[in-house]
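What follows is a single structure, written as structure tokens, with notes after it.
What follows is calculated from the coordinates using simple rules that are stated; it is not laboratory data. Owing to the predicted nature of the structure, the values given are computational and were not obtained by experimental measurement. Positions of Cβ are backbone-derived with ideal geometry, glycine not excepted, and every protein chain shown enters the neighbour counts.
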Amino acid sequence: MPQGQIKVVADVVHRYDLDGIHIDDYFYPYPDKSTLGTPVPFPDDRSWSAYQRSGGKLSRPDWRRENVNSLVRAMNAAVHREKPWVKFGISPFGIWKPGFPEGIKGLDQHEVLYADARKWMQLGWADYFAPQLYWASDVREQSFPVLLNWWAEQNDRRRHLW
């Protein structure tokens, strides 16, 4: 877990009169393409190998998602440990997975960014969510109202949804 980043966030919350801490959707970077159009692999070979040597059993995509899950859980806990009233929120990419809801197409944040924002919402790992729904209402494959309704349906814990 990225202890350094968590310590910085906790220090900022401790020192300043804040209303909230907000993180954007860039958990693992969007795929980088070389000049030839070939995807450039994310450079985590060393930490992935160390994980495997330590007996880790998760697949690489699941391991990456668990790294992000650990960051989100730890950041949420650190913010609320310092000041329980400070809100912690996330702006995930607006599409969790293509086909959720039916007919939606686009980038798969679960498999490409290794972010499981639906899980975070369902487990209450943030006080609010502001999914990045930048599409027009009449774009069928990324319909704003359809996607907003889907996110609202995932919100069993009734977190703020903006």
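Numbers below:
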{"read-out": "FRET efficiency estimate (nearest 0.05) - Cβ-Cβ, Ser70 to Val112, R0 22 angstrom", "value": "0.70"}
{"read-out": "Per-residue [θ]222 nm for the chain (sum of -39500 (n - 2.57) over DSSP H runs n ≥ 4, rounded to 500)", "value": "-12000 deg cm²/dmol"}
{"read-out": "Additional length obtainable on full extension of the chain from Asn149 to Ala77, 0.36 nm per residue less Cα span", "value": "23.1 nm"}
{"read-out": "Cα centroid separation - the range 112-133 against the range 11-26, whole Å", "value": "17"}
{"read-out": "Mean separation of Cα contacts under 8 Å (6+ apart) over length of the chain, as relative contact order %", "value": "24"}
{"read-out": "Rounded FRET efficiency, nearest 0.05, which uses the C-beta distance separating Gln5 from Arg140 and R0 of 35 Å", "value": "0.35"}
{"read-out": "Cα-only radius of gyration and Dmax that characterise the chain, units Å", "value": "17.1, 50"}
